1. If you check every pair at least six apart or on different chains, which have Cβ atoms under 7 Å apart with a residue in the stretch 215-228 that is on the phi > 0 side of the Ramachandran plot first and a residue that is of a type outside the set (Asp, Glu) and surrounded by fewer than 24 Cβ atoms within 10 Å (Cβ to Cβ) second?
2. Looking at Arg179 and the list (1) under 23 Å from Lys256 (Cβ atoms); (2) within 16 Å of the ligand (Cβ to nearest atom), which single condition is not satisfied?
3. Could you list all residues from the stretch 103-128 that are part of a helix (DSSP H, G or I), crowded, with 24+ Cβ neighbours inside 10 Å and more than 16 Å from the ligand (Cβ to nearest atom)?
4. Residues that are over 20 Å from Arg18 (Cβ atoms) and within 12 Å of the ligand (Cβ to nearest atom): list the helices (runs of 4 or more DSSP H) wholly contained in the stretch 191-230 that include at least 2 such residues.
5. Looking only at the stretch 112-153, how many residues end up being under 27 Å from Val33 (Cα atoms) and within 15 Å of the chain's Cα centre (by Cα)?
6. Restricting to the stretch 129-161, and then to whatever is assigned to a helix (DSSP H, G or I) and within 12 Å of the ligand (Cβ to nearest atom), can you tell me which residue is farthest from Pro267 (Cα to Cα)?
7. Please specify each residue of the stretch 245-262 satisfying the condition of being over 26 Å from Gly316 (Cβ atoms) and either within 13 Å of the ligand (Cβ to nearest atom) or not in a strand (DSSP E or B) (or both).
8. If I filter the stretch 80-102 down to residues being within 17 Å of the chain's Cα centre (by Cα) and surrounded by fewer than 21 Cβ atoms within 10 Å (Cβ to Cβ), which single residue comes out as farthest from Ala113 (Cα to Cα)?
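The values are calculated or read from the model by the stated rules, or taken from the named source; none is laboratory data. None of these values were measured; they are calculated from a predicted model. Positions of Cβ are backbone-derived with ideal geometry, glycine not excepted, and every protein chain shown enters the neighbour counts.
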Amino acid sequence: MTVRVRVVILGCTGSIGRQALDVASRHADRIEVVGLAAHTSAEQVVEQAHAFNVQRIVLSDSDAAGRARDLGGDRLMVGSGPEAVAELAELPEAEVVLNALVGAAGLRATLTALAAGKTLALANKESLVAGGELVTALATESNLVPVDSEHSAIYQCLVGEERADVERIWLTASGGPFRGRSAADMANVTVEEALAHPTWNMGPKISIDSATLANKGLEVIEAHHLFGVDYDRIRVLVHPQSIVHSMVEFADASVKAHLGTTDMRIPIQYAFSRPRRWDAPVAALDFAQVARLDFGDPDVDAFPALSLAFAAGKAGGTMPAVMNAANEVAVAAFLSRRAGFADIPRTIESVMAAHDAEPLGSLEQVEAADTWARARAEEVLSSR
Ligand code: MG
C-alpha cells in the first residue's frame with residue numbers, strides 16, 4: 001500500500017485550489033486532503049470538505065465561518081480569520097501546504113508553513129514578490145516547490161543541474177489578450193476583453209495581470225528569488241503558443257526547455273508527485289499538430305508594468321511589496337470598473353515613485369509597506 005501525502009490547500013475555492021482538488025480526486029490513492037481554507041465561499045468549502053472527507057476548514061471571513069459552522073455539522077472543525085489560515089499552514093499532520101491564496105495576504109501562510117518544516121507548494125507568487133528575502137531565508141531547494149507553470153518548468157529543467165552553471169533564464173509569456181497592440185490601442189479595453197486569456201484558464205486577478213504583463217513582471221521577481229539568478233540574467237520572451245513553459249540556458253550554451261499542454265493541473269500535480277511523475281489529466285502534445293513555435297521580445301512601451309516590475313526587483317527591499325500592492329489595488333479598481341486599463345501601470349509607477357525602498361527585515365515591515373502602498377494607490381486612483 002502506498003502512503004498518501006497529506007496536503008493542506010489554502011485558497012481551495014479559487015482556480016488553482018479547485019484544480020488541485022481535481023488532481024487529488026484523480027490520485028486519491030496518493031493524496032489525502034487534511035485541511036482546506038478559503039475567504040468567503042462557505043458553502044463550497046463545506047461541500048469540498050464532505051467530498052474529500054476533510055475534518056478541518058478555515059474561512060478567513062468571520063461571517064462565512066459562521067455559515068460554515070451551521071452547514072458543516074458536528075464533525076467539521078471550522079476556523080475563522082487570517083490567524084486560523086496561518087494555523088492551518090502549520091497543521092501537524094500536514095506534509096505539504098499548497099498556498100493558492102490570492103495576493104500579498106498569502107505571505108504570512110508562506111512563512112508559517114516553511115517555519116513549521118512543511119513542503120510549500122507555492123502558487124501565491126505575490127508572497128515571494130513582497131517578502132522575497134524573508135521567504136528565501138527559510139527555503140531550500142526541497143521545501144519550496146513552485147506551482148506557477150513557468151517556475152515549475154524552470155525547476156524541472158534544473159533537476160540534476162548545478163545552480164552555479166545557470167547562465168540565463170528565459171521566462172516565456174503568452175503576451176496576453178492584447179499582444180501586438182500599442183498603448184493607445186489599449187486605452188479603452190473592457191474588463192471582459194482583458195479577462196479573455198488566449199491560452200491559460202486562470203482566476204480574474206491573474207488574468208488581468210497577464211493582460212498588463214504585470215504577471216510576467218511579478219514572475220521575474222519570483223524567479224530571481226526562487227533560483228537565485230540576477231535580474232540581468234532573466235529574459236522575458238513572448239511565445240504566443242504557450243507550449244514552451246520556460247527555458248534554462250547553461251554556461252556551455254546548452255538550453256533546456258520544458259514543453260507541454262497548457263493545463264495548470266500538470267504543475268500542481270508535479271509539486272505533489274516530484275521527483276516521480278504520475279498519469280496526466282490531459283493528453284500529451286502531438287508535435288506534428290503543434291507545427292510552429294514563435295518567439296519575440298516583449299513590447300515594453302505598450303506594457304510598462306513589465307519594466308516597472310524589473311525596476312522594483314532591482315531596487316529590492318520593500319519596493320517589490322509596494323509595486324505588488326499598488327498593482328493589486330489598481331487591478332481591483334479596474335475589475336470593479338472604477339479605473340481604466342492604463343490606470344494600472346500609471347498607478348504602480350506613481351506609487352513606486354513616492355516610495356524610498358528599505359532593506360527587508362520582518363513580516364511587519366512588509367505589511368506596513370503594503371498598507372502604505374494601498375492607501376497611496378487609492379489616492380492616486382481617486383485623484384486622476
Ligand atoms: Mg505563470
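1. Every condition considered, the pairs that remain are Gly228/Arg163.
2. Every listed condition holds for Arg179 apart from (1).
3. Listed by number, the residues that qualify are Ala104, Leu107, Ala109, Thr110, Ala113, Leu114.
4. 214-227
5. Residues that pass the stated criteria total 20.
6. For the stretch 129-161, the residue satisfying everything is Ile154.
7. Correct list: His245, Asp252, Ala253, Ser254, His258, Gly260, Thr261, Thr262.
8. Val102
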